[in-house]
Amino acid sequence: MEHVSRLLDNANKILDAAESMRVAGHTGTDWSIMIGSEGQINMVAASNWPLESLRAEHGASQAYRVHEQGGRIQVQGKDESRDLLIFSAHPSQLLRRLLPERRDYGMV
């Protein structure tokens, strides 16, 4: 269970960082991130290698791919035995959550 928690926790942190970068106006969220057993981090931009191959090539215990598609950021994670996929809400969905459901119209 600890591996799942660590895999998910790191994926959430990566998603938060990618969303913060987008809010700050940075583009180009196509990254692969490998985390070694000692905590070392290796990042590769725009790799077309399968995530498992990148993980094995870098000797990483965990590998993540960050990708933006259709206005949403997704993070795919992989360790020795598990895969996960998390993604951000579409920006229009975020606005809907902030605005009230009812609409008040005034007549002029």
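Structural remarks
- Hits in the stretch 47-71 (condition: out of contact with any strand residue (DSSP E or B) (no Cβ under 8 Å at 6 or more places or on another chain) and among the aliphatic types (A, V, I, L, M)): ALA56
- Number of the condition not met by ALA60 [criteria: (1) buried (at least 16 other Cβ atoms within 10 Å of the Cβ); (2) under 11 Å from SER32 (Cα atoms); (3) hydrophobic (A, V, I, L, M, F, W, C)]: (2)
- As for the stretch 98-105, it holds at least one residue that is outside any strand (DSSP E or B), out of contact with any helix residue (DSSP H, G or I) (no Cβ under 6 Å at 6 or more places or on another chain), at pLDDT below 85 and of a type in the set (Phe, Trp, Tyr).
- Taking the stretch 33-83 as the region of interest, the strands (runs of 3 or more DSSP E) fully inside it that hold 1 or more residues being farther than 18 Å from SER5 by Cβ, modelled with pLDDT of 95 or more and touching a helix residue (DSSP H, G or I) at 6+ places or on another chain (Cβ under 7 Å) are 62-69.
- Among (1) outside any helix (DSSP H, G or I); (2) closer than 20 Å to ASP79 by Cβ; (3) out of contact with any Leu (no Cβ under 7 Å at 6 or more places or on another chain), the one test that ASP16 misses: (1)
- Restricting attention to the stretch 64-82, the residues that are among the basic types (Lys, Arg) and under 11 Å from the mean Cα position of the chain (by Cα) add up to 2.
- Pair list, Cβ under 9 Å, 6 or more apart: the stretch 44-69 residue among the acidic types (Asp, Glu), other residue in a helix (DSSP H, G or I): GLU68/ALA18; GLU68/ARG22
The values are calculated or read from the model by the stated rules, or taken from the named source; none is laboratory data. As the structure is a computational prediction, the values presented were derived from the model and not from experiment. Note that we place each Cβ from the backbone using ideal geometry, even for glycine, and neighbour counts take in every protein chain shown.
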